Every structure is written in C-alpha cells, then in structure tokens.
Amino acid sequence: MSLEPLIKQKIREHGAMSVADYMELCLSHPVHGYYIKQDPFGAKGDFITAPEISQVFGELAGLWCADMWSQAGAGPAALVELGPGRGTLMNDALRATYALEDFHESISVHLVETSPVLQAAQFHALADAHDRLEWVESIDELPEKPLYIVANEFFDALPIRQHVQTPQGIRERKVGIDTESGELCFVMESGGLSLAKGDMKIKDGTIIESCQPAKSIIGALCDHMREYGGAMLMIDYGYLGDSHQDTLQAVRDHLFHPVLKTPGDADITAHVDFATLREVAQDHGMAVCGPTEQGKFLVRLGIEARIERLLQHASSEQAHQLIVGAKRLIDPAQMGDLFKVMAIVADHHATPSGFYAD
Ligand SMILES: C[S@@+](CC[C@H](N)C(=O)[O-])C[C@H]1O[C@@H](n2cnc3c(N)ncnc32)[C@H](O)[C@@H]1O
C-alpha cells in the first residue's frame, strides 16, 4: 500500500485532516514518508540545498559557530545541526574549524535527524570528521552544555496549519476527498482562530499560516541556551511580517509539483514565518539579529576572499564550479535574496558576524 490510500482511509474514518497532519504524514510517515524512505538531494534527486552547491556555505557556518563559541569564552560545548541532510554542511564546518585552537577538543557534535536513510548518509559522510559524534531524533536529547546550532532548510519542513478568512468567518483549510472524482482536495471547515490583529480587518481570502512545531522547537532551544549558553544560526526561505498567502509547495525532480498529488513522493515545504520565530525567541529572553539576506550575510562573512583562496589551487573544472556555486548562493536573482539568515544569541552578546548594518 502506498501513502495515498492510507491518507484517504484516515479521512474516511476521521473526516478531513489539517494541512499539518497531511504534511507530517507525507514527510515523516514511518514507512512511506518522503524523508524516511530516500535521500532526496542533488542533481539526481528532487532538489539541491546550499551546502550541496558550495563547500564554502558549510565552512562559513562552522566558522560563525566557532567565532560565537570563542567570544563566549570557549570551554566545553556542543556543535549541533538540525536536519543535517547528507551531512555535507557539518563535514565542511568541521574541516574549516579543524585548525582553530581547542575548538575540536572542546566540542561534541550532535545531529538532530529523524530519517534513518539520512542518518546513515550522515554517518558515512562524517565518520572521520570528529571523534565525538552523536545522533538524536529530538532536541530534548541535546546535552546540558552551551549549544552552537545551525539549521539550514530545517524549519521549512515542519508542518503548518492554514486558516482562511471567508465571508462566513474563519475557516481551516484542510485535506479532504472530492466526492465526484475520489481524489484528494482542499476543503474548508469551521475553525476557532481569530485572524484579525487588533482592530485590523482582514480581507476575505487572506490565508494565515501557523507552525506550532517551529515555535516549540525555538522556545525549547532558547530556554536551553539561556540556561547553558550558546547561539543559533537559521537559514531558510521565508517572510518577515504577514505573508497572507498560501506558501505550501511541493517539489519533485527539481520542478513544482501539485501538493496533493502522489503524497510521500515529493518534498513539501512552507515558507518560514521569521517574525513569529523572532518574537518567540525574544519572549524566551534571547536577542535576535536579522533576518538578513543570505547573499549579504555570506559576503559579510568573507565568501569572496574564501573563493579567491580556493581558486589558487583549483583545476579549471573546480574553478568553474566554485565560481558558479558562490554566485548561486549570493546573487539576489538566485538564492541571495530569497533565503534569509537569522541569529539567536544570548541577550548580552555582541552583534554576531554577518549582521552588521549595510
Ligand atoms: C530540506 S532538508 C535540509 C538538509 C540540510 N540541512 C541541507 O541544507 O542540505 C530537511 C532535513 O530535516 C530533516 N527533518 C525534517 N523534519 C525533521 C524533524 N522533525 N526532526 C529532525 N529532522 C527533521 C530531514 O530528514 C532533512 O535532513
């Protein structure tokens, strides 16, 4: 049985399911979930992420963490990645920080990953990168030490709910079954959410998305960092302020794919609501920098100088890949503006690298 009949069976038994439940099943069903059964990255996969485009991305992320660790006075700490994919970012981060005095000796490395297939890929990629590596499925299992955390394209994979303002009032957008065709379709059900903020009147058709798992994860990590220390770098595509749009999307074979077609066989994501996550972090006593555009952030961290250095020992094929890769990450017309970077740090901390004013 594939995932689609299972989803339909659940809907027939319990009624239409929230977009969040649908997303959760598509991505994380123990047998048929998209991330559970396969490695979706790279040219042969469904999509490509920044660490897979250029080694410099993970290198700079690793150096950023090491810099924050050093500014906080060094000492025992944990280097953590949420949703590490193939382990490429962590591998590049550990290589780039290898020569820094005491950093590798002081850290243990923790990979938060739910997919057994990707855990195996990470194990293979990182076997020789550090001698204290640990895999956990949940942030609850992270150690009681300062955490230096990187999360690239992690929060966009967490399940969202959608509510819509209609002439009849607020409705929740859910997944049901079309009675004529028998296919999955979106339906509206009454839902108890107030969309209006203050006196603001929200227009009919406005969609509000909410991601409770992201809020819970940020809240828990902030509590941990407030108690033990640390800093977090999150990179994702998303919005600041209200999006008021449907940002749910599916991608298969590097192309957009209908969200309700072939569940479990396409990646499903939603844009990250940076403003809400910033508010959660501040409510938990942490300071927040950004979000700023990925391109500007990487330029401020010195991506151009690093590429120049790598070019000195590169073959012409490698030189081409280095230049094209870096351009793809920083060009505003490619990933440079679409992807945003936000840092969460202890309240007393100096402004972290990459976030200086323009
Ligand atoms: C889009 S991939 C990003 C991979 C990697 N960070 C990169 O940039 O290449 C999302 C990652 O998050 C993992 N993931 C998704 N939901 C998760 C969850 N609830 N807990 C832990 N990992 C999760 C996936 O298995 C995958 O490794």
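The values are calculated or read from the model by the stated rules, or taken from the named source; none is laboratory data. No experiment lies behind these values; they were computed from the predicted model shown. Heads up, the Cβs are rebuilt from the backbone with ideal geometry, glycines too, and the neighbour counts pull from every protein chain shown.
With the checklist (1) touching a Phe, Trp or Tyr at 6+ places or on another chain (Cβ under 9 Å); (2) modelled with pLDDT under 95 in hand, flag the one item Asp347 doesn't pass.
Result: Asp347 fails condition (1) only.
Across the stretch 133-175, what is the total count of residues that are surrounded by 17 or more Cβ atoms within 10 Å (Cβ to Cβ) and of a type outside the set (A, V, I, L, M, F, W, C)?
15
So that you can scan it fast, the table gives a plain yes or no per residue for (1) in a loop (DSSP other than H, G, I, E, B); (2) touching a helix residue (DSSP H, G or I) at 6+ places or on another chain (Cβ under 8 Å):
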{"position": "Asp156", "(1), (2)": "no, no"}
{"position": "Gln162", "(1), (2)": "no, yes"}
{"position": "Arg171", "(1), (2)": "no, no"}
{"position": "Ile217", "(1), (2)": "no, yes"}
{"position": "Glu227", "(1), (2)": "no, no"}
{"position": "Met234", "(1), (2)": "no, yes"}
{"position": "Tyr237", "(1), (2)": "no, yes"}
{"position": "Val251", "(1), (2)": "no, no"}
{"position": "Pro263", "(1), (2)": "yes, yes"}
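Can you tell me which condition Ala275 does not meet? The list is (1) part of a loop (DSSP other than H, G, I, E, B); (2) touching a Gly at 6+ places or on another chain (Cβ under 9 Å); (3) of a type in the set (A, V, I, L, M), and all the others hold.
The number of the failed condition is (1).
What residue, among those in the stretch 105-115 that are surrounded by 14 or more Cβ atoms within 10 Å (Cβ to Cβ) and not β-branched (Val, Ile, Thr), is farthest from Ala74 (Cα to Cα)?
At the first step, the residues of the stretch 105-115 found to be surrounded by 14 or more Cβ atoms within 10 Å (Cβ to Cβ) are 106-115.
Subset that is not β-branched (Val, Ile, Thr): 106, 108, 110-111, 113, 115.
On the way: Ser106: 8, Ser108: 13, His110: 18, Leu111: 21, Glu113: 26, Ser115: 32 Å.
That would be Ser115.
Can you find a residue in the stretch 122-136 that is within 16 Å of the ligand (Cβ to nearest atom), among the acidic types (Asp, Glu) and not in a loop (DSSP other than H, G, I, E, B)? Before the answer, list the steps.
Filtering the stretch 122-136 for residues within 16 Å of the ligand (Cβ to nearest atom) gives 122-126, 129, 133-136.
Keeping just the survivors that are among the acidic types (Asp, Glu) gives 134.
If we keep only those that are not in a loop (DSSP other than H, G, I, E, B) too, we end up with 134.
Yes, the stretch 122-136 has at least one match.
Being more than 10 Å from the ligand (Cβ to nearest atom), within 18 Å of the chain's Cα centre (by Cα) and not in a helix (DSSP H, G or I) is the filter here, so list the residues in the stretch 4-37 that pass it.
Answer for the stretch 4-37, where residues must be more than 10 Å from the ligand (Cβ to nearest atom), within 18 Å of the chain's Cα centre (by Cα) and not in a helix (DSSP H, G or I): there is none.
Do you know which of the residues in the stretch 38-66 that are aliphatic (A, V, I, L, M) and either more than 9 Å from the ligand (Cβ to nearest atom) or modelled with pLDDT of 95 or more (or both) is surrounded by the fewest Cβ atoms within 10 Å (Cβ to Cβ)?
Applying the first criterion (aliphatic (A, V, I, L, M)) to the stretch 38-66 yields 43, 48, 50, 53, 56, 60-61, 63, 66.
Right, trim to either more than 9 Å from the ligand (Cβ to nearest atom) or modelled with pLDDT of 95 or more (or both) and you get 43, 50, 53, 56, 60-61, 63, 66.
Details: Ala43: 7, Ala50: 22, Ile53: 19, Val56: 26, Leu60: 25, Ala61: 27, Leu63: 19, Ala66: 23.
Only one residue fits best here, namely Ala43.
If Gln119 satisfies all but one of (1) under 26 Å from Glu227 (Cα atoms); (2) surrounded by fewer than 22 Cβ atoms within 10 Å (Cβ to Cβ); (3) among the polar types (S, T, N, Q), what's the number of the condition it fails?
Among (1) under 26 Å from Glu227 (Cα atoms); (2) surrounded by fewer than 22 Cβ atoms within 10 Å (Cβ to Cβ); (3) among the polar types (S, T, N, Q), the lone unmet condition for Gln119 is (1).
Considering only the stretch 67-75, I want to know if a residue exists there that is buried (at least 24 other Cβ atoms within 10 Å of the Cβ) and within 11 Å of the ligand (Cβ to nearest atom).
The answer is no, given that none of the residues of the stretch 67-75 is buried (at least 24 other Cβ atoms within 10 Å of the Cβ) and within 11 Å of the ligand (Cβ to nearest atom).
Condition test on Tyr35, is it of a type outside the set (Gly, Ala, Ser) and either surrounded by fewer than 18 Cβ atoms within 10 Å (Cβ to Cβ) or under 22 Å from Ala120 (Cβ atoms) (or both)?
Details: of a type outside the set (Gly, Ala, Ser): yes; either surrounded by fewer than 18 Cβ atoms within 10 Å (Cβ to Cβ) or under 22 Å from Ala120 (Cβ atoms) (or both): yes.
Taking the combined requirement at face value, the residue satisfies it.
Residue by residue through the stretch 53-102, note down the ones that are polar (S, T, N, Q) and within 20 Å of Ala287 (Cα to Cα). I'd like the intermediate steps shown before the answer.
Within the stretch 53-102, the first condition is being polar (S, T, N, Q), and the residues that meet it are 54-55, 70-71, 88, 91, 97.
Within the stretch 53-102, Ser70, Gln71 qualify.
Can you confirm whether Asp253 is surrounded by 19 or more Cβ atoms within 10 Å (Cβ to Cβ), of a type in the set (D, E, K, R) and within 16 Å of the ligand (Cβ to nearest atom)? Outline the logic, then answer.
Details: surrounded by 19 or more Cβ atoms within 10 Å (Cβ to Cβ): no; of a type in the set (D, E, K, R): yes; within 16 Å of the ligand (Cβ to nearest atom): yes.
So Asp253 does not fit the description; no.
From the set of residues in the stretch 76-85 that are in a loop (DSSP other than H, G, I, E, B) and within 16 Å of the ligand (Cβ to nearest atom), which is surrounded by the fewest Cβ atoms within 10 Å (Cβ to Cβ)?
So, considering only residues that are in a loop (DSSP other than H, G, I, E, B) and within 16 Å of the ligand (Cβ to nearest atom), the one surrounded by the fewest Cβ atoms within 10 Å (Cβ to Cβ) is Gly83.
Matching residues to (1) out of contact with any Cys (no Cβ under 6 Å at 6 or more places or on another chain); (2) at pLDDT 95 or above:
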site: Thr247; (1), (2): yes, yes
site: Phe256; (1), (2): yes, no
site: Pro263; (1), (2): no, yes
site: Asp283; (1), (2): yes, yes
site: Glu293; (1), (2): yes, yes
site: Leu301; (1), (2): yes, yes
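Of all residues in the stretch 86-104 being within 10 Å of the ligand (Cβ to nearest atom), of a type outside the set (Val, Ile, Thr) and within 14 Å of Gly62 (Cα to Cα), which is surrounded by the fewest Cβ atoms within 10 Å (Cβ to Cβ)? So that I can check it myself, show each step before the final result.
Of all residues in the stretch 86-104, those within 10 Å of the ligand (Cβ to nearest atom) come to 86-90.
Restricting the remaining residues to those that are of a type outside the set (Val, Ile, Thr) gives 86-87, 89-90.
Imposing the further condition that a residue be within 14 Å of Gly62 (Cα to Cα) reduces the set to 87, 89-90.
Details: Gly87: 26, Leu89: 28, Met90: 28.
Looking at the filtered set, the residue picked out is Gly87.
Can you tell me how many residues in the stretch 200-247 are in contact with an Asp or Glu (Cβ under 8 Å, 6 or more places away or on another chain) and aliphatic (A, V, I, L, M)?
5
Of the residues Ile235, Ile160, Ile177, which is closer than 30 Å to Trp69 by Cβ and at pLDDT 95 or above?
Only one candidate qualifies: Ile235.
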